[in-house]
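J.: One structure follows; several queries about it will come next.
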Amino acid sequence: MIDDKDLREGDQVIEEQTTRTVSPKDRFLGCLLGLGIGDALGMPVEGWTHERIEKTYGWITGYLPKVDDDGTQILAAGEITDDTEMALCHVESLIAAGGYVDPETTALRFLRLYHGDSRKFMGRTTKLALERADETGDYQNGAAGDWPAGNGVAARIAPLGLMHALIRLNPEVFTRDVMRAGLITHCHPEALNGALAMAYAVRLLASEEVPPEVLFDEVLSFIDEDDVARRIRLAESLVRCGGDRERDIANLARIGTSGYVAESVAAALYCFVTHANDFESAVLTAVNAGGDTDTIGAMTGALAGTHVGATAIPVRLVNGLEGRMYILVAGPGLYRAAQRRAGHFLQLHRRD
């Protein structure tokens, strides 16, 4: 169990983010915890409409099991999906490579998931690309199909944003890292642009370069102009008339909450910015809106967790998350890797 001194008690609301200091290390851990929590909260109702969620559960406020139509449990409450697992593959690879992107070692970790139970959660583009990579050994030949660009890369890319948070931004290097990480599974320009938007948003929040209210503008100035950008602009225009459940659900219906990357990224940004200082409200809004609930919940959680830090995440949500102990180790490990890449940390060895 997590010590209550490290995380806030239950549903108690702490001071707003603007009145307290959040360390970079706490932001790194908050991002990964938030990603997992949003994923697990959205997992049971993935693909459901808001109306079905409301009819079945009212307003989801905690973890639920995933059950099939006859009531048989498929996954226990608090379980994560491939969204979190693949993000943690990036974390492991980044740590092993000293903070640098290594597509081969990342892809090999993806393939272990592909050959296991996680395969059933993967999107078709991801499965197609990994099947091909498994046969050819080419880990930079992402797939695309005659379907809308998927959100798989955007869902797992947050660790790349964290990795660049402690160093001065080099746009070319940052973009190259995101592209190399994304091309393992996806090659559609919108899928990669959506991932770039997500990674850059996480980086901005982790480095405290901008407050949430200008996050939209900063992201839009960095990414390409396509439907991802157009949906983000729509989300930005709707934030000012959001903030309560009814209006948030209506606004998210306009933005879209499907697995199409332009909708997913814009929806996650909307949920976060509208509830920037309240992790729980941001993530639960994403989950209860319906659609690709686990992925949009994961992305919203990553953004909100980065902003507020791990200590502002409700302890009940942390303690109910399967895999939390691994994340509690992975977060500090990723932070140390980022320090090494930034030159902030030197490993000293005692001479015998």
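J.: What are the pairs, 6+ residues apart or on separate chains, where a residue within region 239-258 that is free of Cβ contacts under 8 Å to residues at least 24 places away in the same chain and within 12 Å of residue 273 (Cβ to Cβ) has its Cβ under 7 Å from a residue that is surrounded by 14 or more Cβ atoms within 10 Å (Cβ to Cβ) and of a type outside the set (Ser, Thr, Tyr)?
T.: Sorted first by the residue in region 239-258, then by its partner, the pairs are 251/238; 251/242.
J.: Something else about it: Specify the residue that is farthest from residue 148 (Cα to Cα); the eligible residues are those in region 160-199 that are assigned to a loop (DSSP other than H, G, I, E, B) and not hydrophobic (A, V, I, L, M, F, W, C). Even if it seems obvious, please write down each step before you answer.
T.: To start, the set of residues in region 160-199 that are assigned to a loop (DSSP other than H, G, I, E, B) comprises 164-170, 183-185, 187-188.
Those still in the list that are not hydrophobic (A, V, I, L, M, F, W, C) too: 164, 168, 170, 185, 188.
On the way: 164: 29, 168: 34, 170: 30, 185: 15, 188: 9 Å.
So, considering only residues that are assigned to a loop (DSSP other than H, G, I, E, B) and not hydrophobic (A, V, I, L, M, F, W, C), the one farthest from residue 148 (Cα to Cα) is 168.
J.: Taking interchain pairs and intrachain pairs at least six residues apart, which have beta carbon atoms under 7 angstrom, with the first residue in region 170-196 and under 22 Å from residue 135 (Cα atoms) and in contact (Cβ under 8 Å) with a residue 24 or more places away in the chain and the second part of a helix (DSSP H, G or I) and hydroxyl-bearing (Ser, Thr, Tyr)?
T.: Every condition considered, the pairs that remain are 181/106; 184/106; 185/125; 185/126; 186/125.
J.: Within region 279-286, does at least one residue satisfy the condition of being more than 23 Å from residue 54 (Cα to Cα) and among the aliphatic types (A, V, I, L, M)?
T.: As a first pass, look at region 279-286 and keep what is more than 23 Å from residue 54 (Cα to Cα): none.
No, region 279-286 contains no residue that is more than 23 Å from residue 54 (Cα to Cα) and among the aliphatic types (A, V, I, L, M).
J.: Further question on the same structure: So in region 134-159, with the set limited to residues that are part of a loop (DSSP other than H, G, I, E, B) and under 14 Å from the mean Cα position of the chain (by Cα), which one is surrounded by the fewest Cβ atoms within 10 Å (Cβ to Cβ)? Full working, then the answer.
T.: Step one: filter region 134-159 for residues part of a loop (DSSP other than H, G, I, E, B), giving 137-142, 144-149, 151, 157.
From what is left, the residues that are under 14 Å from the mean Cα position of the chain (by Cα) are 151, 157.
Numbers: 151: 32, 157: 27.
Taking the candidates together, the pick is 157.
J.: Please indicate, with yes or no, whether at least one residue in region 60-77 is surrounded by 12 or more Cβ atoms within 10 Å (Cβ to Cβ) and part of a helix (DSSP H, G or I). If you could, list the steps in order and put the result at the bottom.
T.: Narrowing region 60-77 to residues surrounded by 12 or more Cβ atoms within 10 Å (Cβ to Cβ): 60-67, 74-77.
From what is left, the residues that are part of a helix (DSSP H, G or I) are none.
So far as region 60-77 goes, no, none of its residues is surrounded by 12 or more Cβ atoms within 10 Å (Cβ to Cβ) and part of a helix (DSSP H, G or I).
J.: For residue 176, which of the numbered conditions (1) out of contact with any strand residue (DSSP E or B) (no Cβ under 7 Å at 6 or more places or on another chain); (2) surrounded by fewer than 19 Cβ atoms within 10 Å (Cβ to Cβ); (3) within 23 Å of residue 120 (Cβ to Cβ) fails to hold?
T.: All conditions are met except number (3).
J.: Next up: Could you grab the pairs with beta carbons closer than 6 Å, sequence gap of 6+ or different chains, first residue in region 54-74 and over 17 Å from residue 298 (Cα atoms), second one assigned to a loop (DSSP other than H, G, I, E, B) and not aliphatic (A, V, I, L, M)?
T.: 73/65; 74/68
Throughout, read-outs are computed from the coordinates displayed, never taken from laboratory work. All values derive from a computational prediction rather than experimental measurement. Please note: Cβ atoms are built from the backbone with ideal geometry, for glycine as well, and neighbour counts cover all protein chains shown.
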